[in-house]
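Trainee: Got a structure for you, written out below as structure tokens; questions coming shortly.
The values are calculated or read from the model by the stated rules, or taken from the named source; none is laboratory data. A quick note: this is a predicted structure, and the numbers were derived from the prediction, not measured. We place every Cβ from the backbone using ideal geometry, glycine too, and count neighbours over all the protein chains shown. Protein only, heavy atoms only, side chains kept; ligands, DNA and RNA dropped before computing areas. Shrake-Rupley method; radii C 1.70, N 1.55, O 1.52, S 1.80 Å.
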Amino acid sequence: MAHAVASAAGSPDVFSSLAALRSGQYRTGFGAILSAGTLLSALVVGFVAFYATPFSLDPAPFVRDVLFYLTATMFLFYVYLSTEIFLWQAIRFVVFYAFFVGLVFYMDLG
């Protein structure tokens, strides 16, 4: 159920970005996804922290997630500001995500 709600909530951003990309407005398309993701992340973290305070937090997964998020965001800003993306950069995003998922499984199940 949560996946369906998340998909429905994010679909306007995806479709408006695809429309911008199809019309040649590449920076607008990528900027919309980047800004929507940043706003959503900030709101979710803020509301959870506000609602659940005080709460205990395991530092290892928190630091892992923050470092991966910041690294991915910095690389995305680099691609956005360079105004071009190459195939190796797109592959790097996918490999980075797969590495993150593998590390999460390794840390949580190991």
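Trainee: Say R0 is 22 Å: what FRET efficiency, to the nearest 0.05, do residue 21 and residue 77 get from their beta-carbon distance?
Mentor: After rounding to 0.05, the efficiency reads 0.75.
Trainee: Where in the chain are the helices, taken as whole DSSP H runs, whose Cα atoms extend 15 angstrom or more along the long axis and whose Kyte-Doolittle mean reaches at least 1.0?
Mentor: 26-52, 59-82, 87-109
Trainee: In whole Å, largest first, what are the principal axis extents of the Cα atoms in the chain?
Mentor: Computed over the chain, the largest-to-smallest principal extents equal 47, 30, 26 Å.
Trainee: Per-residue accessible area for residue 63 at 1.4 Å probe radius, Å² rounded to 10?
Mentor: 70
Trainee: Next question, about the same structure. Just to confirm the filter: which chymotrypsin sites (Phe, Trp or Tyr not before Pro) across region 23-105 are DSSP coil and have at most 12 other Cβ within 10 angstrom of their Cβ? Could the numbers behind the result be given before it?
Mentor: Details: sites: 26, 30, 47, 50, 51, 55, 62, 68, 69, 75, 77, 78, 80, 86, 88, 93, 96, 97, 99, 100, 105; in loops: 55, 86.
Sites meeting the loop and neighbour criteria: 55, 86.
Trainee: What number, rounded to the nearest 500 deg cm²/dmol, is the helix-based mean residue ellipticity at 222 nm of the chain, given -39500 (n - 2.57) per DSSP H run of at least four residues and division by all its residues?
Mentor: Only helices count here, giving -30500 deg cm²/dmol.
Trainee: Of all the accessible heavy-atom surface of the chain, with the other protein chains kept in place and a 1.4 Å probe, what percent is carbon and sulfur?
Mentor: Working: 6600 of 8670 Å².
C and S atoms contribute 76 percent here.
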